[in-house]
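Quick notes on the structure that follows.
The values are calculated or read from the model by the stated rules, or taken from the named source; none is laboratory data. Just so we're clear, the structure is a prediction, and the values are computed from it rather than from any experiment. We place every Cβ from the backbone using ideal geometry, glycine too, and count neighbours over all the protein chains shown. Accessible surface areas use protein heavy atoms only, side chains included; no ligands, DNA or RNA. Shrake-Rupley method; radii C 1.70, N 1.55, O 1.52, S 1.80 Å.
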Amino acid sequence: VLVGNLPYYITGFLLRVISGLPRKPVRAVFTIQKEVADRITAVPPHMNRLAASVQVWAEPKLLMTVLPESFSPPPKVHSAIIMLTTHKTPLLPTQDATATYYRLVRTLFAQPRKTIGNNLAADRALPKEKIAEALGALGIDPKNRPQNLGVKDIASIAQIFSS
């Protein structure tokens with residue numbers, strides 16, 4: 001178990017370190033910037049790169065908001081206490097699948113206002129028709145936006161585009 005009141009500027013770095021651990025903590029409880037906690041706990045249609053990167057290995061839960069006045073000196077932002085519970089069964093079976101998933105997350109959310117199909121076409125040497133066909137087989141509309149995808153959708157896309 002990890003518990004901490006994190007300096008806000010290292011939150012992203014620490015989450016990347018934890019995500020790369022072969023044996024993750026069962027649970028992590030952190031005080032972080034409220035805006036970051038909101039991004040981590042986002043679900044479709046508000047999914048984002050940070051949420052997709054954390055939710056693949058843990059289930060986040062916003063426990064409470066902490067007002068600036070609770071600290072001395074008070075920060076200029078609101079804080080939140082977040083709990084990350086590591087999935088008992090990993091969503092991604094191998095290290096290679098995990099690497100493919102994170103690469104896809106970077107691709108999809110590099111330009112989040114573009115469609116899923118256009119983001120994939122910009123990253124891959126595949127015709128848009130092939131991408132549309134592959135996404136259609138998964139029941140995913142290539143004209144949809146990345147923020148409408150859940151973690152399992154992204155994992156499914158990663159699996160078919162892993163080669």
Review point. Take the residues of region 1-20 that are surrounded by 14 or more Cβ atoms within 10 Å (Cβ to Cβ) and over 24 Å from TYR101 (Cβ atoms): which is modelled with the lowest pLDDT?
Key: TYR8
Point to revise | Members of region 45-54 found to be among the hydrophobic types (A, V, I, L, M, F, W, C) and either more than 18 Å from LYS34 (Cβ to Cβ) or not in a helix (DSSP H, G or I) (or both), listed by number | key: MET47, ALA52
Practice item. Could you run through region 142-160 and say how many residues are within 15 Å of ARG113 (Cα to Cα) and either free of Cβ contacts under 8 Å to residues at least 24 places away in the same chain or surrounded by fewer than 17 Cβ atoms within 10 Å (Cβ to Cβ) (or both)? Key: 3
Revision key, fill the gap. Selection from region 103-133 of residues under 26 Å from HIS87 (Cβ atoms) and surrounded by fewer than 19 Cβ atoms within 10 Å (Cβ to Cβ) yields ARG103, ARG106, ALA110, PRO112
Review point. Does region 58-68 contain at least one residue that is among the small types (Gly, Ala, Ser), within 14 Å of the chain's Cα centre (by Cα) and modelled with pLDDT under 90?
Key: no
Practice item. Return the only residue of LYS88, LYS61 being free of Cβ contacts under 8 Å to residues at least 60 places away in the same chain, in contact with a strand residue (DSSP E or B) (Cβ under 6 Å, 6 or more places away or on another chain) and open to solvent by 50 Å² or more (accessible area, probe 1.4 Å). Key: LYS61
Review point. Which numbered condition trips up SER79, out of (1) closer than 22 Å to ILE154 by Cβ; (2) buried (at least 19 other Cβ atoms within 10 Å of the Cβ); (3) not acidic (Asp, Glu)?
Key: (1)
Point to revise | First in region 2-14 and more than 15 Å from LEU84 (Cα to Cα), second anywhere and hydrophobic (A, V, I, L, M, F, W, C), Cβ under 9 Å, 6 or more apart | key: TYR8/ILE32; TYR8/VAL36; TYR8/VAL77
**Study point:** Members of region 21-58 found to be in contact with a strand residue (DSSP E or B) (Cβ under 6 Å, 6 or more places away or on another chain), farther than 21 Å from HIS78 by Cβ and of a type in the set (Val, Ile, Thr), listed by number
**Key:** VAL26
